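Working notes, structure below.
What follows is calculated from the coordinates using simple rules that are stated; it is not laboratory data. Computed from a prediction, not measured in an experiment: that's the story for all the values here. As a convention, Cβ positions derive from the backbone with ideal geometry for all residues, glycine included, and neighbour counts pool all protein chains shown.
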Amino acid sequence: MAHVVGTKGQVVIAKEIRDKLGVKPRWIALQRLVNDHVEVYFLPPEHRKSLKGIMAKHIRVSVSPGQEWDEARDIAWNKAAKQKVGIKEQLS
C-alpha cells in the first residue's frame, strides 16, 4: 500500500495499520532512521483519568493527610516487606 507524501512532508499511516496497532489521536510517533528506511514507534499519551477513580474499588481504607497518613503508610510498608521476605504476620 502506497501513499503520497504531502506538501508539508506529512505521511499518512494507513487505517488498517493504526487499527492493528491500536494507535489513537494524540499518540506520540517516535521516528528513527535505520540505514535507508524509517522505523516508527507509537506511544500512548499520559492518561487523563483519575487514579483515585480507577483504584476506588480496590481501596479499603480512607486516611487523612498528616500523622494518621504517615502511620498508615508505615504499617503498609512493613506488611509488604514482611510478605516479600516470607514472614507471616500474627493476628492479635
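Stretching residue 77 away from residue 32 to a fully extended chain increases their span by 12.0 nm, per 0.36 nm per residue minus the current alpha-carbon distance. Working note: 222 nm ellipticity from helices only, DSSP H runs with n ≥ 4, each -39,500 (n - 2.57), summed and divided by the residues of the chain, gives -10000 deg cm²/dmol to the nearest 500. When the chain is treated as a GNM with alpha-carbon contacts under 10 Å, the residue of 28, 13, 75 showing the greatest mean-square fluctuation is 75. The tail of the calculated P(r) for the chain, taken as Cα-Cα distances beyond 19 Å, holds 69 percent of the pairs.
When +1 charges are put on Lys and Arg Cβ atoms and -1 charges on Asp and Glu Cβ atoms, the dipole computed for segment 1-47 relative to its Cα centre reaches about 180 debye. Cross-link reach is defined here as a Cα-Cα straight distance under 16 Å, omitting same-chain residues fewer than 8 places apart; for residue 24 the aspartates and glutamates meeting it are 16, 46.
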